[in-house]
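First comes the structure, then the notes that go with it.
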Amino acid sequence: MQQLVNDKTKLETSNEELQQQIQTLQEDVNQHSDLNLIVSNQQMNIADLTDEVNKLRETINNVDTILPSSQSTDLYEKIQEIINDRQNLSQEIQNDKQQIEQFENEIQKL
């Protein structure tokens, strides 16, 4: 009889240990599933970001072809050169207008 009680106790202990192992395995499986979901989401994010980078590269290339040729390879520098050229041109036009006014004044004096 005592042997049966001992066997029952051993079985109950073994059963509890197995239940704990099963629970631990289930937690590991759940964690693994969560990690797989995270990895999958990250892969989709990387794919989306890669698409966006490719679109931006295409846009930069399109803008680059529109801009006049320049020694600079930096897009910002090219745009700054255009702005500077426009300012210089505006100043030249202003100077030409002043010169024309001076000529007109001289002509009127004659």
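The values are calculated or read from the model by the stated rules, or taken from the named source; none is laboratory data. Keep in mind that this is a model prediction, so the values were computed, not measured. Cβ atoms come from the backbone with ideal geometry, glycine included; neighbour counts cover every protein chain shown.
Things to note:
- With respect to the conditions (1) part of a loop (DSSP other than H, G, I, E, B); (2) surrounded by 10 or more Cβ atoms within 10 Å (Cβ to Cβ), Leu18 falls short on a single one, namely (1).
- Answer from Ser90, Ser69, Ser40 - the residue that is part of a loop (DSSP other than H, G, I, E, B) and either over 45 Å from the mean Cα position of the chain (by Cα) or without any contact (Cβ under 8 Å) to a residue 24 or more places away in the chain (or both): Ser69
- Residue check, Val63 modelled with pLDDT under 85, of a type outside the set (Ser, Thr, Tyr), part of a helix (DSSP H, G or I) and out of contact with any Asp or Glu (no Cβ under 6 Å at 6 or more places or on another chain): yes
- Lone qualifier among Lys97, Lys78, Lys10, Lys55 - being within 22 Å of the chain's Cα centre (by Cα), assigned to a helix (DSSP H, G or I) and surrounded by 10 or more Cβ atoms within 10 Å (Cβ to Cβ): Lys55
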